[in-house]
Structures are given as C-alpha cells and as structure tokens.
C-alpha cells in the first residue's frame, strides 16, 4: 500500500487516517498562509489540465488506463506534498511559494500548533500563581 502525503500529514498532526481537510484547515494547522496554499492548489489544477499524460489513474499508475484522478484530488495531492515539504513541490515546482513561507516564518511568524503547545503550560502557571497568591495572602 502506498503511503500518500495526505497520510503523512494526518499522522504528523494526529488526525484520523482518512480525515479530509479544507485549505483553511491546512492553513490553521501548518501556519502556512491560505493564499499560498490556494496558489499551490491552483497550480495543481493547471498541471492537471495541461499535462494529462502525467495524471495518475485512481490506482496510482501514471498515465495508466482507467479512470483518472479528479483535478481536485490532484490539486489537493499537490497541496499535501507542499506542506509535507516534498522535494518535487517544496524544492522545485513551487519553490517560489516555499520561499515566501520561509520569509514569513523569519519575520516572527510561527505555526498555530506552536501557540497551542504553549497552552500545555497553563496548569503549571495556575499552580505557580496560586502559590504566589497564597504566599502573598499569608504575609
């Protein structure tokens, strides 16, 4: 069985194996701006329309006989490849968009999941504040 970039994405971000995601969901999870993901998606649609020979059939065979992948599936495949930083999209076909992501992260931009990770410290902060208040009240 082939492990797809969608499978890798779902595993990395702890989603159920076959969970579907919108571009908005992917943007919130990865911290990559939605307009950049939309550009990757649009390029996927363009590639599907202009290079039919490279479109795989639903069994994953490139140029094989049978029903081809839909343009939506092909485009989302490209998005998942991009967010998983695969060399074909991140380093080649969509390198200009990857450079925009890198530049935005250098400007103190960080993924939402990092912010959510900070919430894990809330119980310790509550204990610390409680201890400080108890000490302040007892004085």
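The values are calculated or read from the model by the stated rules, or taken from the named source; none is laboratory data. Here the structure is a predicted model, which means the values were calculated and not measured. Neighbour counts run over all protein chains shown; Cβ positions are idealised from the backbone, glycine included.
Only one of these conditions is not met by residue 97: (1) under 12 Å from the mean Cα position of the chain (by Cα); (2) in contact (Cβ under 8 Å) with a residue 60 or more places away in the chain. Which number is it? Residue 97 satisfies all of (1) under 12 Å from the mean Cα position of the chain (by Cα); (2) in contact (Cβ under 8 Å) with a residue 60 or more places away in the chain except (1).
So in the stretch 51-62, with the set limited to residues that are closer than 27 Å to residue 98 by Cβ and at pLDDT below 80, which one is surrounded by the most Cβ atoms within 10 Å (Cβ to Cβ)?
Filtering the stretch 51-62 down to residues closer than 27 Å to residue 98 by Cβ leaves 51-56, 60, 62.
From what's left, at pLDDT below 80: 52-56, 60, 62.
Numbers: 52: 10, 53: 6, 54: 11, 55: 18, 56: 16, 60: 10, 62: 9.
The qualifying residue surrounded by the most Cβ atoms within 10 Å (Cβ to Cβ) is 55.
Residues of the stretch 64-99 that are in contact with a helix residue (DSSP H, G or I) (Cβ under 8 Å, 6 or more places away or on another chain) and at positive phi: 85 alone.
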